[in-house]
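**Q** Could you have a look at this structure, given as structure tokens, before my questions?
The values are calculated or read from the model by the stated rules, or taken from the named source; none is laboratory data. Model, not experiment: these values are computed from the prediction. Neighbour counts are summed over all protein chains in view; Cβ atoms, including those assigned to glycine, are modelled from backbone coordinates with ideal geometry. Accessible surface areas use protein heavy atoms only, side chains included; no ligands, DNA or RNA. Shrake-Rupley method; radii C 1.70, N 1.55, O 1.52, S 1.80 Å.
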Amino acid sequence: MEIVSIYLVEPGDTPDLDEKTDIFAELKSTGSQEQLNAGQRGYKNTLKFEVLASEYSEQSELEYGGNRLTIYRTYKPSLDKMELYAGERIGNNGRY
């Protein structure tokens, strides 16, 4: 278990207008099946972050370690937790 700081991001019309919320998350590993499923959806380098459900407001992106990632799937394992699956879009040449 590794606790990390991430930014939940709701993109604006330009990067300067993005709304960012700084929170703590538990970084968890994803299995090979999740990597395969993500690749079929067009994502690579996928990561799973567990956050407090009350802190997540349907943001579509997050920043971690200086990288912008797209949240492509969520899962709520309990009332107070939310798992965010995020990755880089394959072939992305513009916005995230």
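**Q** Of all accessible surface on the chain at a 1.4 Å probe, what whole percent is carbon and sulfur?
**A** Numbers: 2660 of 5880 Å².
In the chain, the share of accessible area belonging to carbon and sulfur is 45 percent.
**Q** State, as an integer percentage, the relative contact order of the chain based on alpha-carbon contacts under 8 Å between residues 6 or more apart. Kindly include the intermediate steps, with their values, before the conclusion.
**A** On the way: 190 pairs, mean separation 25.6, N = 96.
Value for the chain: 27 percent.
**Q** Classify the chain from the C-alpha gyration tensor, please: rounded if a/c falls under 1.5, else prolate or oblate depending on whether a/b exceeds b/c. Please report the intermediate quantities before stating the final value.
**A** Details: a/c = 1.72, a/b = 1.05, b/c = 1.64.
Taking the square roots of the gyration eigenvalues as a ≥ b ≥ c, the chain is oblate.
**Q** Comparing LEU69, LEU17, LEU52, which has the greatest mean-square fluctuation in the GNM of the chain with Cα pairs linked when under 10 Å apart?
**A** LEU17
**Q** Starting from the Cα of LYS76, draw a straight line to each of the aspartates and glutamates and keep only those under 18 Å, dropping any in the same chain fewer than 8 residues away.
**A** Hits, sequence-local ones excluded: GLU26, GLU34, GLU50, GLU55, GLU58, GLU61.
**Q** Let me check I've understood the local charge: for GLU83, count other residues with C-beta under 10 angstrom from its C-beta, Lys and Arg +1, Asp and Glu -1. What total comes out? Please list the in-between numbers first.
**A** Working: positive: LYS28, LYS48, ARG73, LYS76, LYS81; negative: GLU26, GLU50.
Net local charge, GLU83 excluded: +3.
**Q** Continuing with this model, one more query. Give me the dipole magnitude in Debye, nearest 20, for the chain about the Cα centre, with unit charges on the beta carbon: positive for Lys and Arg, negative for Asp and Glu. Don't jump to the answer; show the numbers that get you there.
**A** Values: 11 positive and 17 negative charges, 110 e Å.
Approximately 520 debye in magnitude.
**Q** Moving on to the next point. Please give the per residue accessible area of the chain, computed with a probe of 1.4 Å over protein heavy atoms only, in Å².
**A** Values: 5880 Å² over 96 residues.
For the chain, the per-residue accessible area is 61 Å².
**Q** Projecting each Cα onto the charge dipole of region 21-88 (Lys/Arg +1, Asp/Glu -1 at the beta carbon, about the Cα centre), which of SER54, TYR64, GLY42 comes out farthest on the positive side?
**A** Of the listed residues, the answer is GLY42.
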